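Below: the structure, in structure tokens.
Throughout, read-outs are computed from the coordinates displayed, never taken from laboratory work. Since the model is a prediction, treat every value here as computed from it, not as a measurement. Positions of Cβ are backbone-derived with ideal geometry, glycine not excepted, and every protein chain shown enters the neighbour counts.
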Amino acid sequence: MTDLARPASESTTSPDLALSAAARGDAGSPILEAAHLRKLFPVHSLNPFGAKEAVHAVEDASLALYPGRATALVGESGSGKTTVARMLAQLYAPTSGTILFEGQPVSAKGSRALREYRRHVQLIFQDPFSSLNPIHDVFYHLSRPLRVYRHARSRSDLRDQALALLERVSLTPAEHFLRKYPHELSGGQRQRVAIARALAVRPRVLLADEPVSMLDVSIRLDILNLLTKLKQEDRLAVLYITHDIASARYFAEETQVMYAGQTVEGGTSEEITQRPMHPYSRLLLSAAPDPDRLTGEGGLARLPARGEIPSLVRPPSGCRFHPRCPHVMPVCRERFPQRTALGGGHWVHCFLYGEEGGEEGGAKPTDATSVQTQGSAG
Ligand code: SF4
């Protein structure tokens with residue numbers, strides 16, 4: 001058995017990794033912690049003499065998930081946010097970094113331990129149609145985890161619990177949906193079945209990978225409201241992966257912004273959306289200025305056509321955002337900035353802030369307003 005993590009006594013939750021206690025209320029200790037996760041995917045070349053290359057999908061991601069609270073991981077496609085979720089779900093082994101569940105190291109191997117971990121940490125996928133088996137009905141999808149984890153004692157118990165799960169996700173009358181097949185359901189109904197299936201094993205953590213992005217805009221809010229209700233009722237810790245920073249503000253208490261495999265800013269969702277400090281966060285927000293757009297047209301965040309996310313096989317040196325950044329300084333190309341704490345659990349990786357920035361001849365603003373005056377990030 002290969003441990004991914006350090007001993008439990010060495011908690012990874014430090015003041016600059018987690019939100020301050022005041023910012024996260026009385027959520028207590030984190031259920032799931034990840035520190036300094038890194039993931040490289042080797043690129044297989046047809047040339048045996050060619051240089052070994054790798055996709056640098058995630059460089060250094062740290063987060064802590066608390067009961068009854070949601071953390072949003074926001075970024076464009078290719079930012080590495082789904083890879084982080086898959087490492088947390090143990091679908092990918094991290095290249096390096098640590099994962100703790102309830103303070104205990106998570107094992108990379110050992111089928112029993114892995115099965116138990118996956119019972120507690122459930123993944124909800126972006127596409128509810130492909131995550132459900134088209135040849136099986138709703139009862140099969142809900143009864144299978146109940147049987148595998150021995151939560152039901154008899155067939156009638158199985159049926160009763162499946163009906164209760166459907167009612168929890170507001171698929172009513174539940175009897176009407178029990179024998180339906182995926183193709184007979186709408187996208188929103190399929191996602192509700194996928195959520196009910198995740199709940200069947202009584203998880204502690206939900207990893208929701210873009211759970212509403214493939215749904216009609218009119219039902220996105222319904223699904224987010226359902227997840228909010230379940231988060232509060234079951235004290236679930238939720239990781240909400242999204243490219244839509246407006247929905248992150250609506251749904252999650254905490255937000256982290258990722259760009260090209262690097263986490264660049266984090267804090268309370270209110271703080272990140274009201275006082276974004278990193279130029280990339282400002283760019284994301286400029287593409288999603290209205291939180292009410294969740295229910296309107298154009299629900300997907302679209303960035304202005306100002307550069308593209310870079311190749312992760314040969315990513316830009318230093319701060320990977322530097323080719324797109326309107327505030328780029330020479331030092332930005334040389335190294336990645338350290339984390340600067342801004343107070344109240346808000347932090348940022350950018351040379352515009354903190355002690356190490358500014359001396360290379362670039363600007364050194366102290367707040368979001370002064371960044372704005374140097375030119376729009378969008
Ligand atoms: Fe990155 Fe430099 Fe721009 Fe900050 S100022 S986002 S460190 S390129």
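Let's test the formula: R0 of 22 Å, r as the Cβ-Cβ distance of R155 and N133. What FRET efficiency results, to the nearest 0.05?
My answer for the efficiency is 0.60.
Sticking with the crude label model, points 7 Å out along Cα→Cβ, report the distance from S77 to Q274 in nm, one decimal please.
A separation of 3.4 nm, rounded to one decimal place.
Give me K231, K52, K180 sorted ascending by neighbouring Cβ count inside 10 Å, so fewest comes first.
K52, K180, K231
How do 29-36, 146-153 rank on mean C-beta neighbours within 10 Å, highest first?
29-36, 146-153
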